[in-house]
Number of protein chains: 2
Amino acid sequence: MDTKNRESSDTHFMRKAFEQARQGFDEGGVPIGCVLVKAGAIVGAGHNRRVQRDSAILHGEMDALEATGRRPGAFYKDVTLYTTLSPCSMCSGAILLYGIPRVVIGENRSFMGEEALLAERGVDVSLLHDADCIALMRRFMHEKPELWNEDIGV
Amino acid sequence: MDTKNRESSDTHFMRKAFEQARQGFDEGGVPIGCVLVKAGAIVGAGHNRRVQRDSAILHGEMDALEATGRRPGAFYKDVTLYTTLSPCSMCSGAILLYGIPRVVIGENRSFMGEEALLAERGVDVSLLHDADCIALMRRFMHEKPELWNEDIGV
């Protein structure tokens with residue numbers, strides 16, 4: 001894929017991840033969304049369900065991985081993961097566990113996850129500085145700071 | 001707690017984690033178990049449920065974290081996590097996310113997880129070289145190598 005097509009594709013799939021985040025927000029949850037893409041198609045989509053499922057582990061990326069189903073290791077080796085927010089240590093660890101080679105991040109101004117670790121381990125990390133992702137997280141962090149702190153273990 | 005009491009306590013809780021692993025084996029699953037301990041009591045127990053729940057994320061440690069419930073970050077700051085096998089990158093990332101300060105590992109001969117990363121980030125990591133944990137994993141890896149590879153993304 002050339003650079004222009006890749007940028008267009010990234011914008012498209014980040015929008016899908018954002019729609020997941022927006023759905024989470026509307027449900028009263030933590031507004032972080034994720035989609036997994038393989039061969040140009042979404043194979044799993046999810047959003048943070050800490051509130052909705054009373055869960056300690058269902059971050060957006062984990063929810064999308066679970067939605068993708070139980071797969072052999074080879075399945076993940078050409079998957080791209082799109083997430084609206086820089087992935088925390090748990091979600092980054094899951095990316096490394098399954099050997100997902102590429103991660104596209106909506107924004108990292110609200111929270112800086114383990115991007116350096118991912119890059120160090122050979123993951124191709126792209127950051128989009130997406131204005132909608134930033135605005136949604138800002139609104140959430142302002143409205144529900146305790147919930148946000150809980151989600152990142154603070 | 002003095003050294004002798006800590007060793008006795010570690011042996012006791014590793015046995016509880018092993019019972020979880022054994023339950024997982026009996027269910028036809030990946031035999032890795034975990035308990036979370038706070039103030040001398042188990043606050044969450046679980047085992048790998050990849051097979052049982054058709055899950056990509058329910059490793060033993062994740063299952064135990066989920067069983068512990070949705071908690072504020074402060075809850076985890078004096079928790080010890082006992083796991084029968086060296087924790088993979090996902091589970092190690094979850095330990096770092098919640099700031100769990102101490103991890104006791106049954107064995108790492110069958111699989112070496114992210115012990116170095118945990119230690120580097122300040123987690124107190126103890127390794128018991130537990131013969132029962134080693135024997136159960138050896139049996140499982142011999143009987144179901146494909147399932148084991150799937151669990152670690154190979």
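Mind listing just one residue for me: the one in the range B:135-154 that is assigned to a loop (DSSP other than H, G, I, E, B) and surrounded by fewer than 20 Cβ atoms within 10 Å (Cβ to Cβ) and, of those, nearest to the other protein chains (Cβ to nearest Cβ)? The qualifying residue nearest to the other protein chains (Cβ to nearest Cβ) is B:154. The residues listed here are A:84, A:80; of these, the one that is under 11 Å from the mean Cα position of the chain (by Cα), open to solvent by 10 Å² or more (accessible area, probe 1.4 Å) and away from every other protein chain (no Cβ under 14 Å) is A:80.
In summary, residue A:99 fulfils each of the numbered conditions (1) open to solvent by 10 Å² or more (accessible area, probe 1.4 Å); (2) in contact with a Phe, Trp or Tyr (Cβ under 8 Å, 6 or more places away or on another chain); (3) more than 9 Å from chain B (Cβ to nearest Cβ) with the single exception of condition (3). I'd like to know if the range B:47-61 contains one or more residues that are in contact (Cβ under 8 Å) with a residue 12 or more places away in the chain, open to solvent by less than 50 Å² (accessible area, probe 1.4 Å) and in a helix (DSSP H, G or I). Among the residues of the range B:47-61, at least one is in contact (Cβ under 8 Å) with a residue 12 or more places away in the chain, open to solvent by less than 50 Å² (accessible area, probe 1.4 Å) and in a helix (DSSP H, G or I), which makes the answer yes.
Would you check which residues across the range A:102-114 are out of contact with any Lys or Arg (no Cβ under 7 Å at 6 or more places or on another chain) and either modelled with pLDDT under 95 or more than 8 Å from every other protein chain (Cβ to nearest Cβ) (or both) and list them? Those that are out of contact with any Lys or Arg (no Cβ under 7 Å at 6 or more places or on another chain) and either modelled with pLDDT under 95 or more than 8 Å from every other protein chain (Cβ to nearest Cβ) (or both): A:102, A:103, A:104, A:105, A:106, A:107, A:108, A:109, A:111, A:112, A:113.
Screening residue A:97 on (1) under 20 Å from residue B:117 (Cβ atoms); (2) part of a loop (DSSP other than H, G, I, E, B) shows it passes everything except condition (2).
The values are calculated or read from the model by the stated rules, or taken from the named source; none is laboratory data. Bear in mind the structure is a predicted one, so any value in this text is a computation, not a measurement. Using ideal geometry, Cβ is built from the backbone for each residue, glycine included, and neighbour counts are taken over all protein chains shown. These area figures cover heavy atoms from the full protein model, side chains too; ligands, DNA and RNA do not enter into them. Shrake-Rupley method; radii C 1.70, N 1.55, O 1.52, S 1.80 Å.
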